[in-house]
1. If each of GLU79 and ARG57 carries a label point 7 Å out from its Cα toward its Cβ, how far apart are those two points in nm?
2. Report ³J(HN,Hα) in whole Hz for each residue of the range 293-305, in order, from the Karplus equation J = 6.51 cos²θ - 1.76 cosθ + 1.60 where θ = phi - 60°; Gly and Pro get x.
3. Per residue and in Å³, how big is the convex hull formed by the alpha-carbon atoms of the chain?
4. Step through the residues of the range 314-331 one at a time and calculate ³J(HN,Hα) from phi using the Karplus curve (6.51 cos²θ - 1.76 cosθ + 1.60, θ = phi - 60°), rounding each to whole Hz and writing x for Gly and Pro.
5. At most 13 other Cβ atoms within 10 Å and a DSSP loop assignment: could you name the trypsin sites (Lys or Arg not before Pro) in the range 227-329 that fit?
6. What residues have an amide H closer than 5 Å to that of SER255, excluding those fewer than 5 places away on the same chain, when H is modeled at 1.01 Å from N in the peptide plane?
7. Using a Förster distance of 51 Å, how high is the FRET efficiency between ASN47 and GLN191, based on the Cβ-Cβ distance and rounded to 0.05?
8. In whole Hz, what ³J(HN,Hα) sequence does the range 262-274 give by Karplus (6.51, -1.76, 1.60; θ = phi - 60°), x for Gly and Pro?
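Values in this text are rule-based calculations from the coordinates and carry no lab data. Fair warning: this is a prediction, and the values are worked out from it, not measured in the lab. Every residue, glycine among them, receives a Cβ derived from its backbone with ideal geometry; neighbour counts consider all protein chains shown.
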Amino acid sequence: MNASPSLEKLLAAAPYSLPQKEKRAILADRTRELTQRHYERCEPYRNLVDRVFGGARALQFARLEDAPFVPVSLFKTRELRSVGPGEVVKTITSSGTSGQAVSRIYLDAGTAQLQSRTLVKIMQHFLGVARRPMVFLDHSAVVRDRQSSSARGAAILGMLPFGRQPFYALREDMTLDLEGLEKYLEGTRGQPPVFFGFTFMVWQYFVEILEKLNRRLSLPGAVLLHSGGWKKLEALQVSPEEFRRRLLAAAGIESVINYYGMAEQVGSVYFENPLHFLHASIYSDVIIRDTNTLEPLPPGRAGLIQLVSALPASYPGHSLLTEDLGVLEGSDNPATGMNGQYFRILGRLPKAELRGCSDTFQKPVPAPA
């Protein structure tokens with residue numbers, strides 16, 4: 001799929017350079033293109049638009065808020081792709097707890113390349129252009145099957161191009177290879193490493209182990225990138241502030257950057273800005289919707305998070321209603337040095353409320369104006 005004029009505008013700019021109003025207009029154009037594409041090429045998506053959003057007339061929306069959206073849970077029960085089986089070069093599966101169905105995301109070569117291209121630009125904004133030693137707080141087995149990746153494996157594979165001399169700090173039994181890590185850090189001394197891991201794994205298998213062993217690492221200039229839900233840490237009453245404080249005490253890492261992303265929109269990641277809010281790049285945006293009416297909400301009001309991405313051309317993942325609750329905090333704030341909207345996550349919608357929301361969504365509703 002050749003890049004459209006709206007996509008070319010986004011790819012030509014730095015990832016946080018466009019003011020929110022300008023970005024939103026370009027992203028609306030791109031979303032209309034993708035909505036038309038998926039409506040024509042993906043039967044389950046077309047059925048959804050016809051039933052819930054009023055059919056083909058819903059494709060001609062003016063505001064991004066009026067674009068049809070897909071509940072993210074639909075990827076667990078339907079095969080959603082807009083390309084033929086022979087065009088799929090990679091299938092990504094979401095991470096689910098035992099017994100849960102997983103989402104399957106089908107990537108063609110063009111979409112995979114586009115996701116990689118935008119991820120590079122976002123990562124370079126935070127880490128710079130030079131590749132640095134990279135430590136994965138995980139084990140190497142999660143990336144062995146590159147044709148069909150779990151969300152965890154896909155995230156690690158996505159990070160590999162931004163570092164060099166990758167080191168996996170955990171053994172397959174999830175124990176910390178501290179001796180191997182210290183040897184690796186000694187061999188790369190003078191080159192501040194980038195650490196990457198999922199939030200709870202960083203806490204349980206790295207921070208707490210260093211504390212139990214009464215060992216402290218000295219890592220001036222190192223950066224930790226981490227992602228994943230905070231539910232387990234909240235159960236332990238560990239706040240983001242305490243997470244950063246104890247990581248600094250145990251490992252000497254001062255720069256800690258959380259990010260939010262999902263298997264259903266690889267490449268459209270939301271990194272933490274200097275105010276510790278998650279920030280939308282020019283390739284994506286956030287809409288908050290009322291949990292009962294699904295109407296869009298203004299900043300400061302909590303609701304369901306909808307994520308819009310300019311990237312998915314091989315599957316209808318360009319406008320997704322998540323199961324996460326959040327609130328918009330602002331946009332184009334000079335204090336962040338970044339244009340665009342930023343937000344915070346409040347947690348997952350309770351199952352009872354999620355079922356109620358799903359029931360509401362399944363009822364036919366008028367097409368957006």
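1. The answer from the label model is 3.4 nm.
2. 3J(HN,Hα) across the range 293-305, in whole Hz: 9, 6, 6, x, 10, x, x, x, 9, 7, x, 6, 8.
3. Numbers: hull volume 50.9 nm³, N = 369.
Roughly 138 Å³ of hull volume per residue.
4. Values, residue by residue: 9, 7, x, x, 7, 8, 10, 8, 7, 9, 9, 9, x, 8, 6, 10, x, 7 Hz.
5. Values: sites: LYS231, LYS232, ARG244, ARG245, ARG246, ARG289, ARG301; in loops: ARG301.
Those that pass, being in a loop and sparsely packed, are ARG301.
6. Amide H to amide H, under 5 Å and 5 or more residues apart or across chains, SER255 pairs with LEU224.
7. Details: r = 53 Å, r/R0 = 1.04.
Plugging the Cβ-Cβ distance into 1/(1 + (r/R0)^6) gives 0.45.
8. Each residue's phi maps through the Karplus curve to give 9, 4, 6, 9, 4, x, 9, 9, 10, 8, 6, 8, x Hz.
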